[in-house]
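Asker: First, the structure itself, so that you have it in front of you.
The values are calculated or read from the model by the stated rules, or taken from the named source; none is laboratory data. Predicted, not measured: the structure shown is a model, and the values here were computed from it. Using ideal geometry, Cβ is built from the backbone for each residue, glycine included, and neighbour counts are taken over all protein chains shown.
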Ligand code: NAD
């Protein structure tokens with residue numbers, strides 16, 4: 001990423017799910033831009049390791065983003081210790097390989113709690129802090145599944161499509177407070193859940209090769225390629241971008257096959 005400087009956004013950046021994958025890459029990029037970063041994750045070991053690895057200016061806060069009380073506590077602690085949150089990156093998410101005919105109601109609720117409801121709760125609990133700074137930015141990590149989906153991944157697409165609706169609503173509600181709200185829709189990204197899924201196939205090399213062959217660019221994304229776009233949307237360089245959803249999918253959603 002040499003030769004292109006992303007300026008830090010306002011205040012502290014809070015990155016949910018910052019202990020791994022895309023969130024970790026975003027936390028690293030925002031910290032490199034000089035912004036204090038709070039990594040918020042339910043996985044204590046991963047979060048501590050991530051904060052330690054990135055170094056100065058980054059702190060880890062354990063929190064399950066499905067529990068509103070924990071979000072309230074953690075956002076208060078972040079403001080007191082790192083300063084008010086100006087940038088919220090709602091990245092924490094879980095996938096599910098389920099069928100609509102066999103999924104339990106609890107399974108549905110958990111996925112929606114993490115992948116959709118937590119984004120609203122986090123936005124709600126940083127709102128006063130963002131207003132105290134005169135504005136800020138929220139970046140919601142959605143997915144290509146918000147637009148197109150595949151069999152056997154229910155109800156991920158429904159939750160991620162909801163993220164785009166939430167992004168539009170919050171963008172309009174918060175525009176007058178100078179808080180911009182945007183979404184990023186990644187295609188396939190090389191993160192631990194993807195690596196685990198493909199490395200555990202009977203013939204991993206073949207599985208990775210077949211996946212690459214389905215991609216217009218002949219490869220999947222690295223987490224930093226999503227982080228760059230998220231960091232741009234979080235920064236003042238994107239000062240007139242709000243309510244938008246940016247595909248970062250290597251052209252996957254531009255193509256239909258058969
Ligand atoms: P990941 O599993 O590497 O990271 C997700 C992080 O979220 C983990 O550290 C996990 O502990 C944390 N987390 C999960 N539930 C939580 C909870 N209740 N409270 C707090 N933290 C929680 O996954 P990733 O692939 O980096 O995915 C990050 C985001 O990107 C997700 O929203 C995912 O849906 C989205 N996404 C990923 C891909 C991909 O191909 N990897 C593609 C499109 C969208």
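Asker: Can you tell me which residue is nearest to residue 30 (Cα to Cα) among those in region 187-203 that are surrounded by 13 or more Cβ atoms within 10 Å (Cβ to Cβ) and more than 10 Å from the ligand (Cβ to nearest atom)?
Answerer: Across region 187-203, the extreme among qualifying residues is 198.
Asker: Hey, among 207, 177, which residue is touching a strand residue (DSSP E or B) at 6+ places or on another chain (Cβ under 9 Å) and either within 16 Å of the ligand (Cβ to nearest atom) or over 20 Å from residue 146 (Cα atoms) (or both)? Let's see the steps before the verdict.
Answerer: Values: 207 fails: touching a strand residue (DSSP E or B) at 6+ places or on another chain (Cβ under 9 Å).
Answer to the selection: 177.
Asker: Could you check region 151-203 and list, in sequence order, the residues that are over 14 Å from the mean Cα position of the chain (by Cα) and in a strand (DSSP E or B)?
Answerer: Listed by number, the residues that qualify are 154, 179, 180.
Asker: Pick from 159, 77: which is more than 28 Å from residue 237 (Cβ to Cβ) and surrounded by fewer than 19 Cβ atoms within 10 Å (Cβ to Cβ)? Outline the logic, then answer.
Answerer: Working: 159 fails: surrounded by fewer than 19 Cβ atoms within 10 Å (Cβ to Cβ).
Every option except 77 fails the conditions.
Asker: One residue is enough: does region 113-133 have a residue meeting the conditions out of contact with any strand residue (DSSP E or B) (no Cβ under 7 Å at 6 or more places or on another chain) and part of a loop (DSSP other than H, G, I, E, B)?
Answerer: For region 113-133, residues out of contact with any strand residue (DSSP E or B) (no Cβ under 7 Å at 6 or more places or on another chain) and part of a loop (DSSP other than H, G, I, E, B): absent.
Asker: Among the residues of region 29-50, write down those that are surrounded by fewer than 23 Cβ atoms within 10 Å (Cβ to Cβ) and either at pLDDT below 95 or more than 8 Å from the ligand (Cβ to nearest atom) (or both).
Answerer: Hits for region 29-50 are 31, 32, 33, 34, 36, 44, 45, 48, 49.
Asker: Something else about it: Quick check on region 135-157: of everything there that is away from the ligand (no atom under 12 Å from the Cβ) and in contact with a strand residue (DSSP E or B) (Cβ under 9 Å, 6 or more places away or on another chain), which residue is farthest from residue 98 (Cα to Cα)?
Answerer: For region 135-157, the residue satisfying everything is 135.
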